[in-house]
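Encoded as structure tokens, the structure appears first; notes follow it.
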Amino acid sequence: MKRAQIILVSVGLLLFIGLLFFGKTVNPNKQITAAKPTSAQTTILFADILSTSKEKLTAEQNARLTSLENSVVRGDVQNQKIHVYHELATFWKDSAKAFEPYAYYTAEAAKLDNSEKNLTFAAQLILANLRSEQDEAKLNWETEQAIGLFEQALKLNPTSADLKIGLGSCYIFGKGRFGGAAETMQGVQKVLEVVRTDSMNMKAQLVLGIGGYISGQYDKAIERLTKVITTEPQNLEAIAFLADTYAAKGDKQEAIKWYQLSKRMSNDPHYTEEVDQRIKELK
């Protein structure tokens, strides 16, 4: 995949994740790129993540963290543990500003609480971060965390279309970003369960279109993305992905047409700049 294509896909993913999980488009200035393996290591333990994160703390922060961690060890009541996990999550989010420990303790609290709402929040939190994670080992860890949370939530609400789409997205935007064809197809199969029941679920159609693009099934991607755009003409992420798909397929004329449309619809100068560069390369 060419660099320019990757950038546009990344913008599309960012827009998609924001709309799918938070109901609004997040700032497209925070662009992402396709993940690249950084080492031979493809797995990591949370203990290693936590150890690395602690190295960046001040003495005062370490003292506060030790106190919170000791509270978890002493806690023998579920509600007390949930409370301390939330405090730990807040510490890592607001004081230490480290995503992985924040996500981990948010997830641990949600698992103990075992409510669909909190499990879904924690799962969505991690899934949203997958779009920008560049370290393969961390991405795999985050993917497994999100999958576990979505699966636990689905046990509480087995018919939830949004949970099924979220679970499928973990496979597609997790290991699928590293070229994991099997994982991509596993995610696609999860989302297909939704489409077989409701073919007009545009969230599912969009994910399938993106999955088709990632896996190189361009004709299927075009079919899905076109369906989304026909139903939702203002769906910028679908339009951006459709342009990328046509470009990857080698249909320069169609790619340029959809790139130009996406540029007219976006008010973000960084996105416009990348689109102009991509169009220039295609001509």
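List of remarks:
- Within this structure, A248 fails the test of being more than 23 Å from L167 (Cα to Cα), part of a helix (DSSP H, G or I), in contact (Cβ under 8 Å) with a residue 60 or more places away in the chain and in contact with an Asp or Glu (Cβ under 9 Å, 6 or more places away or on another chain).
- Taking segment 169-234 as the region of interest, the helices (runs of 4 or more DSSP H) fully inside it that hold 1 or more residues being in contact (Cβ under 8 Å) with a residue 12 or more places away in the chain and aromatic (F, W, Y) are 202-214, 218-231.
- Identity of the residue in segment 126-137, under 13 Å from the mean Cα position of the chain (by Cα), touching a residue at least 24 places away in the same chain (Cβ under 8 Å) and in a helix (DSSP H, G or I), that ends up surrounded by the fewest Cβ atoms within 10 Å (Cβ to Cβ): N129
- Among the candidates A103, A123, A89, residue that is crowded, with 21+ Cβ neighbours inside 10 Å, in the same structural domain as L163 (by TED's automatic domain parsing) and more than 20 Å from L50 (Cβ to Cβ): A123
Yes or no, residue by residue, for (1) of a type outside the set (F, W, Y); (2) surrounded by fewer than 24 Cβ atoms within 10 Å (Cβ to Cβ); (3) in the same structural domain as N129 (by TED's automatic domain parsing):
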{"position": "C170", "(1), (2), (3)": "yes, no, yes"}
{"position": "T184", "(1), (2), (3)": "yes, no, no"}
{"position": "G187", "(1), (2), (3)": "yes, no, no"}
{"position": "M202", "(1), (2), (3)": "yes, yes, no"}
{"position": "A221", "(1), (2), (3)": "yes, no, no"}
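- Every residue from segment 251-283 that is in contact with a Leu (Cβ under 7 Å, 6 or more places away or on another chain) and within 22 Å of D219 (Cβ to Cβ): K252, A255, I256, W258, S262, R278
- Screening G250 on (1) surrounded by fewer than 24 Cβ atoms within 10 Å (Cβ to Cβ); (2) on the phi < 0 side of the Ramachandran plot; (3) at pLDDT 95 or above shows it passes everything except condition (2).
- A single member of R224, R278 is more than 18 Å from M202 (Cβ to Cβ) and either in contact with an Asp or Glu (Cβ under 7 Å, 6 or more places away or on another chain) or not small (G, A, S) (or both), and it is R278.
The values are calculated or read from the model by the stated rules, or taken from the named source; none is laboratory data. Given the structure is predicted, the values throughout are model-derived calculations rather than measurements. Glycine also receives a Cβ, built like all others from the backbone with ideal geometry; neighbour counts cover every protein chain displayed.
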